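Step one of this worksheet: look at the structure below.
Quick note: the coordinates plus some simple rules give every number you see, no bench work behind them. Keep in mind the model is a prediction, meaning the values are calculated, not measured. Note that we place each Cβ from the backbone using ideal geometry, even for glycine, and neighbour counts take in every protein chain shown.
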Amino acid sequence: MLPIVALSVSGIALLFLGFQKSRVLLLPAALLLLVIALAANFYDWNKTYLYFNNMLRTDNLSMVFTAIVLGSAFMVIALSSQFIEDEESQPAEYYGIIMFSLVGAVMMIGFENLIMLFVGVEALSIAMYVLTGSDKRNLRSNEAALKYFLMGAFTTGILLFGMALIYGATGSFTLAGIAAYTANPQAGLSLLLYAGLLMLLIGLLFKVSAAPFHFWTPDVYDGAPTIFTAFMSTVVKTAGFAALFKLLSVSFNGVYSFWWVMLAVMAALTLVIGNVTAVYQNSFKRMMAYSSISHAGYLLIGLAALGAQSEQAIVFYSLAYSVATISAFGVLILVAQQRPAQTLTSGGVLGNNFDDFNGLARQNPLLGLAMTVSMLSLAGIPLTAGFWGKFYIFSTAVERGQIWLLVVAVLMSAVGIYYYFRVIIAMYFRDGATESIRVSPVYQYVLVAAIAITIGLGVAPGLLQGLF
Amino acid sequence: MNTLILIFFPVVAALLIALAKGQRSREAALIAALIELAFVVVICVQFRPDASSQFDFDYAWIGSLGIRFSGGIDGISILLVLLSGIAVPLIILSTFNRTYSRASQFYALILFMQAAMIGAFTARDGFLFYFSFEVALIPIYFLAAMWGGENRVAVTLKFFVYTIFGSLFMLLAFVYLYYQTPLVDGHHTSAIADFYQLNLTPEAQTWLFWAFFVAFAIKMPVFPFHTWQPDTYVESPTPATMLLAGVMLKMGVYGLIRFILPIVPLGVETWGKTAIILAVIGIIWGSIIAIRQRDMKRLIAYSSFSHVGLMAAGVFSQTETGMQGALIQMLAHGVNVIGMFFVADIIFSRTQTRQLDQLGGITRNTPKLTVYFMIILLGSVALPLTNGFIGEFLLLHGVYTYNNYIGLAAGFTIIFGAVYMLRMFQKSMFGPATARTKNFTDLTLSESLVFVPLVIMVFWMGIYPQTFLKLTEPAVVNLMKYIGTTVVSLK
């Protein structure tokens, strides 16, 4: 509960800070408030509490997920210094909205009651619709926001319908109540439960952009300002998978045989669509959008093979994925600022294609290294955290004996290397613009931290194990 | 003395060289590699020739999963560790007449590569092996793609994707084996020794066999998984080619001996013949293509493909001689192929061509090069008293014991090998001098210094192979005995 309070207060405080003429304070204030929220998060460490009439639960797992989400938000905000110079932007409101959206994410992570889940999903989503459209003068940003909002609102309806059906079957909104009902499937369960679960899953899988509910993702990620794309593709995904994991492992473990095939098929579909389509992209940002879809596929394997290792697998994978993604988007922001995009992406947006990265590593070794490490991590090459993420995920599926799913995942991993390496090839092996890109100190710190985390966890994955 | 030093010393040296960005990174790298060689020699001298694993290290890596950071050297690793130790200083020394841009990164990557390869050869935990096996790809990829020829980008990407794809199946195999191990303190274990103890069903052994085989067959490469190899060897800068052909492909052969034979003996019994036939097809296929090559580097690449096929066939023959032959031939082939690629590089750097029809008449001005080239070449064609003879003889003996006809087919390697190697020598060194070769100068001091140790190794291994065979023999005998008893007990 403490981070929820801290984040809500921070959001309001940041909005008030926006009345000031000077914007200099905003960024450090937002970072400081996030650190406070992060500290507050760990205040309950090793203890389990129920808050708000048993609607929210904090335990070590929820605190670790919350820490990943808040840490990602911290890195994203640290990379948002461009707003200070841009007269048209409204950083106070952006930061305020980010804080409120994080409240939603924390609720999604810790919910004990479907109502709390719904409130969390909505708080996070509505904030995302606004941030997607925050580049007011850009037609594509507006279009993306509208698309996202219409489709998101529609799936929200499905989500709510699903909850209602589950309530009809079980007579309870609480996870424990539902778990008690599903614990004994031999007794014959109401069909409403299955229909409800299906709709609930559709609602949540839309948020994490799993195929076949992924169609909004490329356009929205492409149209949104890059900094918010980074936020969306990490925080929303981590919170979404935390919620799915909690829902399935606590409440619906009894009907595993009903949903695992569905999730496994969707995981395979997501992997194939995400990876194969990413190969055909020329715009880096659009490639990252499809790559984010493909990573939803890997995470879905961890859910479809729900078992003793799943928790660790999903936590580790989310962390590795978030760090690598933010660092990649950070480099993209710098490249986009100083080598303006010339070409239209297939979404009709001006976007930096791979050629804009040509020769980057010669002029800016740090940017080259940061991008390389994150691409290797996303591709799952050893020495990076991404490898162990894949390793844990694959382990869960091996334990369940879902070999066919693994074969798809292995094939798609090989495809993934192809498009992730296009950036590395452009940066190291092609000649490009000769002027180097100016990198502000904050950017340097964030990128170095991302490299350190990725390689640190890649060499010593055991560092995380004591956490939960 | 501890194996950990062998792994971490090159890493530290690589980091220092990369960060120092000094003018003298070449010399610094050479010194580091020589110190590493000194460690290796000390270990080889102290090594007790028995079947045990020595100089061990063992730390918790992912404690909650029972995955350990553990390694050591036994009779099967020792020659490969020795090869890694000898090869890298020679490879660095061979670059002394060249200047590479961003030299500090170049040499740092070579040393980093050495650490990863030694890590793979000494790992005693399945996941540590996999980790090192894959990590070695990163430096070699950057070496080949940053300093390579015109087509390097496409070629190296193919190489990278191909190898990773194969080894991901090996990862699945390891994870599967991991879950078969009994629980100790609430978790499974991933020690290779524990994998040896498993009682796997014949069905599981079949798919595990193929999962491992594809990974190692791509790495070596064995027919029909070799299509990445010639282009990658040709496009890579010569030091990277030497690393690839001299040391890295041995990871594949090593994997066959360390994992496939003892872990899935029933799989080998069922599918080993298929594997041998593929390997023998590769021997003949590679030789025939090598005979028709005009580019020296490409010719050596195909000869390497042919030679490694014989090693794979020898391992799958499951005989003591075949296994011994594979181990000593790995060292011999490493020595020879480094020498051959160096000759090609010297000729290219002086004439700007590797095309055989543009060369000729080099012997006139180059007594030293001629002699060294001839000795290395004789080693490659397995003339008695050279290193190649011992290895190939043992390997062919092993394959022949396994099956006469297959042994006969594999024997073509010696005839074909003599044909393409001598043809290369004749076309490049003899005959009238061409415009490109008439001003050919003989070896410089640093170049000679590379050849002298190679030539010593060629004769040492050829005349007194006992030095090396006795290091590996107890481990091989033990392994064969182990495989024999497991197959009987599983039946």
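Which whole-Hz ³J(HN,Hα) couplings does the stretch B:467-476 yield from phi under the Karplus relation 6.51 cos²θ - 1.76 cosθ + 1.60, θ = phi - 60°, glycine and proline marked x?
Values, residue by residue: 3, 8, 4, 6, 5, 8, 4, x, 5, 5 Hz.
Give me the net charge of A:I293's neighbourhood, meaning all other residues with Cβ under 15 Å from the Cβ of A:I293; Lys, Arg count +1, Asp, Glu -1.
Around A:I293, the surrounding residues sum to +2.
Counting Lys and Arg as +1 and Asp and Glu as -1, what is the net charge of the other residues whose Cβ lies under 14 Å from the Cβ of A:S134?
Residues near A:S134 contribute -2 overall.
log10 I(q)/I(0), Debye, Cα-only the protein assembly as shown, no solvent, q = 0.07, 0.08 Å⁻¹?
-0.62, -0.79
Assuming R0 = 25 Å, what is the FRET efficiency of A:Q90 and A:Q363, from their Cβ-Cβ distance, to the nearest 0.05?
Once the sixth-power term is evaluated, E becomes 0.15.
Under 28 Å Cα to Cα from B:K368, which lysines show up? Leave out anything in the same chain fewer than 8 places away.
B:K297, B:K427, B:K438
What does the net charge come to around B:F55 if you take all other residues with beta carbon closer than 13 Å to its beta carbon, with K and R at +1 and D and E at -1?
-1
If you average 1/r over every pair of different alpha-carbon atoms in chain A and take one over that average, what Kirkwood value in Å do you get?
Taking every pair of different Cα atoms in chain A, averaging 1/r and inverting gives 22.2 Å.
At what distance in angstrom do the alpha carbon centres of the stretch B:422-451 and the stretch A:415-457 lie from each other?
Value for the Cα centre distance between the two parts: 44 Å.
What ranking do B:R350, B:R24 get, fewest neighbouring Cβ atoms within 10 angstrom at the top?
So the ranking, lowest neighbour count to highest, is B:R24, B:R350.
Give me the distance between the Cα centres of the stretch B:363-395 and the stretch B:247-315, rounded to whole Å.
If we compute the Cα centre of each part, the gap is 21 Å.
Report the residues of the stretch B:441-468 in range of a label on B:L34: point 7 Å along Cα→C-beta, backbone N strictly under 20 Å from it.
Counting only backbone N, you get B:444-457.
Which of the listed residues, B:V11, B:F127, B:G282, is farthest toward the dipole's positive end in the stretch B:3-490, when Lys, Arg count +1 and Asp, Glu count -1 at the beta-carbon?
Final value for the positive-end residue is B:G282.
What does the convex hull of the Cα atoms of the stretch B:3-490 come to per residue, in Å³, rounded to a whole number?
In the stretch B:3-490, the Cα hull volume divided by residue count equals 126 Å³.
Once you average over the residues of A:392-405, how many Cβ atoms of partner chains fall within 10 Å of each Cβ?
3
Rounded if a/c is under 1.5, else prolate if a/b beats b/c, else oblate: with a ≥ b ≥ c from the C-alpha gyration tensor eigenvalues square-rooted, which is the stretch B:66-138?
It is oblate, given that a/c is not under 1.5 and a/b is not larger than b/c.
By the gyration tensor of its Cα atoms, with a ≥ b ≥ c the square roots of the eigenvalues, what is the shape of the stretch A:370-468: rounded for a/c under 1.5, prolate for a/b over b/c, or oblate?
oblate
With point charges of +1 on the Cβ of Lys and Arg and -1 on the Cβ of Asp and Glu, referenced to the Cα centre of the stretch A:2-467, which listed residue (A:I97, A:L25, A:Q312) lies farthest in the positive direction of the dipole?
My answer, from the dipole projection, is A:Q312.
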